Amino acid sequence: MDRAASPLTELCSQLHSIVETSRQFQSILRGSEAATRAALVDPLLKALGWNVSDLNRVEIEKVKNNTRVDYLLKKPDEQVFAVVEAKCFNSQLRNPDLLRQIGDYQRTFYTKDVWLTDGLQWLFYDSYDPTREPYRVNLMSDNLSEAALYFLYHLDVMLVWPPSYDYGTDPALPQRLKRTEERLDRLEQDANAKHVTEPAVLLPPARVYTPHSTPVAAARNAAWREMKNCGEVTGKAITGVRLPNGTEHPVKYWKDVLQLVAEYFLANKPDACMPIYDSDRRTMVL
């Protein structure tokens, strides 16, 4: 009995077709960004569910504040999901001019997710630091199954448009997707559970600490107060801070607490978006 191909199999087949197209029409694609987009980029986006003719989901040649992008992938609420910028086939994607453009895309369209491609090479910037090394997918040299999985996890339309997805003829697919989503939720909850403890501060009387953040017995038995329960701190003395990982640090000023907590946050959330925008996505704050 024939069975419908899985989404992964279909995507792998499309990636293989893109590679073959690039081999057959190298001379044309090298000199034309339009040809590269039509023959290599559009087919991949369509295979991932992004209908480039559906303006609700994709805006082509989007211009804002004198900044233009080739593809603006949108969420149902019109917010930007990701930016895709295409260059001619076999272009040099790692150069200072393009790095500056990535920063412009992120600031102008309020998204940290930027894809830069020449049709075969795909660079994924998922940080507000464009100098940070991006994740690379090379369809000519990488395993196409692994490349397909990466695209499905990071660029598939189902990430932001699940109600509109066509489940096709496979009745088991919705159940499998639901189980996968539940598993991802559990993994995220487990990861967050490791850092749920609130930072706490130690108020007088002062305690004795050994160097390098190693608490002594007297400090272990001290009464710590969670920072969220400290209320107004103006004029209050402080002698120590305990971070969520259990390390305790002697401090004298509240600004030291702020610095330690900020350093802890950045160390445990290296992918945190900087700058952080307010709810209206206008004001940038740290």
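Descriptive notes on the structure:
- Pairs exceeding 29 Å between alpha-carbon atoms, taken from K64/K255; K64/K178; K64/K228; K87/K269; K62/K178; K75/K269: K64/K255; K64/K178; K64/K228; K87/K269; K62/K178.
- Label-to-label distance for E61 and L99 is 3.1 nm, based on points extended 7 Å past Cα in the beta-carbon direction.
- Here L93 sits with roughly 10 square angstrom of accessible surface, probe radius 1.4 Å.
- Gyration tensor verdict on the range 41-166 (Cα atoms; rounded if a/c is under 1.5, prolate if a/b is larger than b/c, oblate otherwise): oblate
- For the set T111, T234, solvent exposure ranked by accessible area (probe 1.4 Å, protein chains only) runs largest to smallest as T234, T111.
- Heavy atoms of F265: accessible area, 1.4 Å probe, square angstrom to 10: 90 Å²
- Simple label model, 7 Å out from Cα along Cβ direction - F265 to R136, nm: 3.4 nm
- Shape category assigned to the range 30-92 from the gyration tensor of Cα positions, a/c cut at 1.5: oblate
- With a Förster radius of 51 Å applied to the beta-carbon distance between R30 and K255, the computed FRET efficiency rounds to 0.35.
- Cα→Cβ-extended label distance, 7 Å offset, between K236 and Q79, nm: 3.3 nm
- Computed with a 1.4 Å probe over protein heavy atoms only, the accessible area of K252 comes to about 140 Å².
- Length available on full extension from D54 to E182: 0.36 nm per residue minus the Cα-Cα distance, which gives 43.1 nm.
The values are calculated or read from the model by the stated rules, or taken from the named source; none is laboratory data. Note that the structure is a prediction, hence the values are computed from the model and not measured. A quick note on method: Cβ atoms are made from the backbone with ideal geometry, for glycine too, and the neighbour counts reach across all protein chains shown. Accessible surface is based on the protein model in full, side chains and every heavy atom, while ligands, DNA and RNA are left aside. Shrake-Rupley method; radii C 1.70, N 1.55, O 1.52, S 1.80 Å.
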